[in-house]
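Visitor: Following this message is one structure expressed as structure tokens.
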Amino acid sequence: MDGNAYRALRDAITSESPAATAKIVAGEGLGSELVLTYPDRVVGSLGDPLLDERVTETLRAMLRDGGTKLEEIVGRRIFLEAHLPPPHLVIIGGVHIAIPLVTFGSTLGFRTTVIDARAQFLTTERFAHANQTIESWPDEGLNQLNLHPGVAAVCLAHDPKFEDPAMQVLLRSDVGYIGAVGSRTTSAERRERLKASGFTDADLDRIHGPVGLNIGAKTPEEIALSIMAEIVAVRRGREPRSTSVVAPEKSTV
């Protein structure tokens, strides 16, 4: 691998940032490699600008979806591979639901971070099982993180002064999942506040709120389970039956 391409891939992996590579394994330009690192930095070349452009489009999708591919393109056999960091569950608000949510996230292979400005909510007794805790206002804490498509962010803070700044940061990023607790009424009010801040309907449709699958959850553990189930469904490309204020529930008949 070209030195610059190698360093770009190494730096992406070290910083837990998505990357994808393409290498010609048969045909003209054998051994040529190209690296795409998040969000859209291309390093290296396959020796043909049009081929580079075509392959880069495929790699962009792989930054989100992952996987490997072996493709025949204009007489060349090209191996494409995604190098994705572990999925990252970011929880805003160290409330009771956050404790089992960290447990479920860790069990499913997520790196876990809890953000809260209240130190008393981020004690070792509550979150020794989290990978990271950040004592900060939510928007400031989020700005310390690498917000990429492998991130699932859940806002458990009901208070608009915590919730709205966090939602604004998340909506301006391309995280793969955004969820927020609250009733249908609360969710509708949140939507109107964010719309007044300049976000479009398409932006706001990214928010899963009320968060979680509608399984009739009542306890913190059940609510955490419903949230993780929805996150997994979205990550796997499934459209979970919505409980949001903007999409009607689909019939299961």
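The values are calculated or read from the model by the stated rules, or taken from the named source; none is laboratory data. None of these values were measured; they are calculated from a predicted model. Heads up, the Cβs are rebuilt from the backbone with ideal geometry, glycines too, and the neighbour counts pull from every protein chain shown. Remember, those area values only see protein heavy atoms, side chains included, never the ligands or the DNA or RNA. Shrake-Rupley method; radii C 1.70, N 1.55, O 1.52, S 1.80 Å.
Visitor: Among all the aspartates and glutamates, which ones have a C-alpha under 13 Å from Lys69's C-alpha, if same-chain residues fewer than 8 places away are not counted?
Guide: The qualifying aspartates and glutamates are Glu81.
Visitor: Probe radius 1.4 Å, ligands and nucleic acids ignored: give me the carbon and sulfur share of the accessible area of the chain as a rounded percent.
Guide: Its accessible area is 51 percent carbon and sulfur atoms.
Visitor: Net charge near Arg191: determine it from the other residues with C-beta under 13 Å of the C-beta of Arg191, scoring Lys and Arg +1 and Asp and Glu -1.
Guide: Within the 13 Å Cβ shell, the charges total -2.
Visitor: Here's something else I'd like to know. As a test, work out the antiparallel percent of DSSP beta bridges whose residues both lie in the chain, rounded to the nearest 5.
Guide: 50 percent
Visitor: Further, regarding this structure: What number comes out for accessible area per residue over the chain if the probe is 1.4 Å? Units Å², please.
Guide: 50 Å²
Visitor: How many angstrom lie between the C-alpha centres of the stretch 131-151 and the stretch 158-180?
Guide: Here the answer is 11 Å between Cα centres.
Visitor: What percent does the relative contact order of the stretch 31-89 come to when contacts are Cα pairs within less than 8 Å and at least six residues apart?
Guide: 23 percent
Visitor: Something else now. Kindly identify the stretch 175-245 as rounded, prolate or oblate by the Cα gyration tensor criterion: order the square roots of the eigenvalues as a ≥ b ≥ c, call it rounded if a/c is under 1.5, otherwise compare a/b with b/c, prolate if a/b is larger, else oblate.
Guide: Here the stretch 175-245 falls in the oblate category.
Visitor: Taking the Cα atoms of the stretch 20-119 alone, what are Rg (to one decimal) and Dmax (as a whole number) in Å?
Guide: Every Cα atom of the stretch 20-119 included, Rg and Dmax give 19.1, 60 Å.
Visitor: From the phi of every residue in the stretch 109-121, what ³J(HN,Hα) in whole Hz does the Karplus formula 6.51 cos²θ - 1.76 cosθ + 1.60 yield, where θ is phi - 60° and glycine or proline is x?
Guide: Karplus values, whole Hz, x for Gly and Pro: x, 7, 6, 10, 10, 10, 10, 7, 7, 9, 4, 5, 8.
Visitor: Oh, and also: By the scheme Lys and Arg +1, Asp and Glu -1, what is the net charge of all other residues having a beta-carbon under 14 Å from that of Thr123?
Guide: -1
Visitor: Over all directions, how big on average is the projection of the convex hull of the alpha-carbon atoms in the stretch 68-211, in square nanometres?
Guide: 10.6 nm²
Visitor: Let me know the longest stretch in the chain that avoids all trypsin sites (Lys or Arg not before Pro) found in a DSSP loop with at most 12 other C-beta atoms within 10 Å.
Guide: Between exposed loop sites, the widest span is 1-117.
Visitor: Then there's this: Please list, ordered by chain and number, the residues whose modelled amide H lies under 5 Å from the amide H of Gly179; skip anything fewer than 5 residues away on the same chain.
Guide: Those lying under 5 Å, H to H, from Gly179 are Ala153, Val154, Cys155, His208.
Visitor: Work out Dmax and Rg for the stretch 94-147 from the C-alpha atoms and quote the Rg first, both in angstrom.
Guide: 10.6, 27
Visitor: Between His129, Gly44, Thr68, whose Cα lies farthest towards the positive end of the dipole of the chain when Lys and Arg beta carbons carry +1 and Asp and Glu beta carbons carry -1, centred on the Cα centre?
Guide: His129
Visitor: Follow-up question, since we're still on this one. Rounded to whole Hz and in sequence order, give me ³J(HN,Hα) for the stretch 35-51 from the Karplus expression 6.51 cos²θ - 1.76 cosθ + 1.60, θ = phi - 60°, writing x for Gly and Pro.
Guide: My calculation for the stretch 35-51 gives 10, 10, 10, 5, x, 6, 9, 9, 10, x, 7, 8, x, 8, x, 5, 5 Hz in order.
Visitor: Now for a separate question. Just the number, please: Stokes-Einstein D of the chain in µm²/s, Kirkwood Rh from C-alpha pairs, 10 °C, 1.306 mPa s.
Guide: 81 µm²/s
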